1. Going out from 0 in 20 Å bins, what whole percent of all Cα-Cα distances in the chain drops into each bin?
2. Taking only protein heavy atoms and a 1.4 Å probe, what accessible area per residue, in Å², does the chain have with all protein chains in place?
3. With everything on Cα atoms, drop me the angle between helix 95-105 and the longest principal axis of the chain, reported from 0 to 90° to the nearest 10.
4. Ratio of Rg to Rh for the stretch 77-216, alpha carbon only, Kirkwood?
5. State the extension gain, in nm to one decimal, for the chain segment bounded by Gln302 and Ala84, taking 0.36 nm per residue of separation less the distance between their alpha-carbons.
6. Full extension from Arg157 to Asn108: what is 0.36 nm times the residue separation minus their Cα-Cα distance, to one decimal in nm?
7. How far is helix 194-208 tilted, in degrees, relative to the longest principal axis of the Cα atoms in the chain, given as a value from 0 to 90 rounded to the nearest 10?
8. Enumerate the calculated ³J(HN,Hα) couplings along the stretch 253-261 in order (Karplus 6.51 cos²θ - 1.76 cosθ + 1.60, θ = phi - 60°), each rounded to whole Hz, writing x wherever the residue is Gly or Pro.
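The values are calculated or read from the model by the stated rules, or taken from the named source; none is laboratory data. Predicted, not measured: the structure shown is a model, and the values here were computed from it. Counting neighbours? That spans all protein chains shown, and the Cβs are built from the backbone with ideal geometry, glycine included. Note: accessible area is taken over every heavy atom of the protein model, side chains too, but ligands, DNA and RNA are not part of it. Shrake-Rupley method; radii C 1.70, N 1.55, O 1.52, S 1.80 Å.
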Amino acid sequence: MFSYRHAFHAGNHADVLKHMVLIAILRYLRQKDTALTVFDTHAGAGLYRLDGDYAQTSGEATDGVLRLIAALEKPVVASAKASAAAKSLANGVAPMIQDYLDLVAGFNTAGSRKIYPGSPFIIQRLLGERDKLKLFELHPTDAKTLSSNIAQLEAGRQVAVLREDGFEGLKKFLPPPARRALVLSDPSYEIKNDYARVVAMVADSLARFATGTYAVWYPIIPRPEAHDVPRKLKTLATKAGKNWLHASLTVKSSKLTSNEAGEVIRPGLPASGMFIINPPHTLKAGLQLALPQLAALLGQDQHAASTLESGT
Ligand code: SAM
């Protein structure tokens, strides 16, 4: 069975990128009145404690959401020689970053940073009355935690937790009844096959429901399969004649280093990306402003950077 537990990673730089994009997509899709179905193929536990054992052990939120909050608590003053990102921050934080931070703050009492919402809770908070949310989670413990967290929302039939394989389970729901859907796919990539499976899932979904919005998160690590994900998704979208956006955020070098004792130090996740097919037309401009600011605020060394590309 899997050993990946998202509680170790909740609120890290990858979550910041993924959840910021997720919120922006949902805000746009919610502008229409027609019912929307949202699928989260790899849902996790739903809610996390940043002061709990998992998060404290890994400290990943410290370099993610908590770093962002701390950086923005001080006024940003940019000198004439400052980078373009620092100058843009001095003019105000990007609306997508602010929206993300406000939503996270909404899960905490004033000034506290104990709770971090996972994608299921972020999505649920942004749903309209007639919208539906289908959550897939295969890990027995996380599926149980997710079910009890969701039960507390008393959302009734609006939210369904399915202890199923998200790659396969999605098929039976496409196309959705009102023909409006967002699919978030955020695998743990613990199994090497996940890289190929996420691409196959999008290919199958586009054949079933070409007008849905598909958002795939992937890690940028020195592995050929990881680099294949955006390359193959780009080919799929282009062949289907669909618009796409590809955003990436690097916070540090991916190089191995060693300590004084000569032990090899792995850098941890240095970068990740989001690939979106049929993105809202407003997303590109939002990301153009937000991504360089995120790289400036979350960057840990001179390798910090962001990229944004788009096409049809
Ligand atoms: N999307 C969540 C968020 O943003 O808060 C985090 C999800 S975490 C990266 C990936 C989750 O997928 C893990 O909880 C893991 O147990 C689960 N998982 C792994 N393989 C799965 C599969 N084939 N189908 C559904 N869930 C799976």
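1. For the chain, the binned pair fractions read 33, 60, 7, 0 percent.
2. I get 47 Å² per residue for the chain.
3. The helix 95-105 is inclined about 80 degrees to the chain.
4. 1.05
5. 77.0 nm
6. 15.1 nm
7. 40
8. 5, 9, 6, 6, 10, 9, 8, 4, 7
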